[in-house]
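Below is one structure, written out as structure tokens, with a few remarks after it.
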Amino acid sequence: AASSMRYKLAALKGADYLKNRQESDGAWCNKYDEKEGLNIDLDKSSSQAGSVIMAFYKLMKMGWEDSSHQYYDSAKNAANYLIACIDNKPGTQNGLAGAGKEYGAGFPNTDDLGAYRWSDWSWVSDNCYSYIALKCLADWANINGDTTFAVQCNNYAEAILSGINTVLK
């Protein structure tokens, strides 16, 4: 019992770290230097957002999400980022999520992306993570009575699956 409590506390500490590192767009930067307190790789991927959604979902399934729904809210924000990776992917709209946001000098600054641009790459791994994460969040949204968001997540997940089967397979 004492060791299981230790694991729970460690998992929640990790989840709190992720929640606190989440960017306002729902994503996470690729790399941080905690010693210096810096983001040292500002690219943001869809697979990272998907991974965190799945981790938060697992905490909920373990019964470790408290009544504040802080992890649900963070996961929902990350899901909105994944949806944006689909809606804003340059090129053919085929249901696939783009790899995320790329950071770099000289990118066009014509909208709210600032020094970012949407990636036009569609990786199998990013789309697998995005698909599973959106399916998890659809289940979680249904549990929370958030049926409109559940339907939205399911629709985007199905679009990703279709894109995987028609484009990436």
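The values are calculated or read from the model by the stated rules, or taken from the named source; none is laboratory data. Remember, predicted model here, so these are calculated numbers, not experimental data. Note: ideal-geometry Cβ built from the backbone for every residue, glycine included; neighbour counts use all protein chains shown. Protein only, heavy atoms only, side chains kept; ligands, DNA and RNA dropped before computing areas. Shrake-Rupley method; radii C 1.70, N 1.55, O 1.52, S 1.80 Å.
Return only the number of the condition from (1) closer than 15 Å to Ser46 by Cβ; (2) assigned to a helix (DSSP H, G or I); (3) open to solvent by 50 Å² or more (accessible area, probe 1.4 Å) that Trp121 does not satisfy.
(2)
Yes/no per residue for (1) among the aliphatic types (A, V, I, L, M); (2) under 18 Å from the mean Cα position of the chain (by Cα); (3) under 22 Å from Gly63 (Cβ atoms); (4) surrounded by 15 or more Cβ atoms within 10 Å (Cβ to Cβ):
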position	(1), (2), (3), (4)
Ala133	yes, yes, yes, yes
Ala138	yes, yes, yes, yes
Ala150	yes, yes, yes, yes
Asn155	no, yes, no, no
Thr166	no, no, no, no
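Residue by residue through region 62-89, note down the ones that are more than 15 Å from Lys101 (Cα to Cα) and modelled with pLDDT of 95 or more.
Matches in region 62-89: Tyr71, Tyr72, Asp73, Ser74, Ala75, Lys76, Asn77.
Kindly establish whether Gly91 is in contact (Cβ under 8 Å) with a residue 12 or more places away in the chain, open to solvent by 60 Å² or more (accessible area, probe 1.4 Å) and either in a loop (DSSP other than H, G, I, E, B) or within 20 Å of Ile164 (Cα to Cα) (or both).
yes
For Ala75, which of the numbered conditions (1) crowded, with 18+ Cβ neighbours inside 10 Å; (2) without any contact (Cβ under 8 Å) to a residue 40 or more places away in the chain fails to hold?
(2)
Go through Tyr129, Tyr116 for me and flag whichever is at pLDDT below 95 and either open to solvent by 50 Å² or more (accessible area, probe 1.4 Å) or over 15 Å from the mean Cα position of the chain (by Cα) (or both).
Result: Tyr116 is the single residue among Tyr129, Tyr116 that is at pLDDT below 95 and either open to solvent by 50 Å² or more (accessible area, probe 1.4 Å) or over 15 Å from the mean Cα position of the chain (by Cα) (or both).
(1) aromatic (Phe, Trp, Tyr); (2) without any contact (Cβ under 8 Å) to a residue 24 or more places away in the chain; (3) buried (at least 18 other Cβ atoms within 10 Å of the Cβ): which one isn't true of Tyr57, the others all being true?
It fails just one condition, (2).
May I ask you to verify whether Ser162 is more than 19 Å from the chain's Cα centre (by Cα), part of a helix (DSSP H, G or I) and at pLDDT 95 or above?
Taking the combined requirement at face value, the residue satisfies it.
Condition check: open to solvent by 50 Å² or more (accessible area, probe 1.4 Å) and among the charged types (D, E, K, R). Does Glu65 satisfy that?
no
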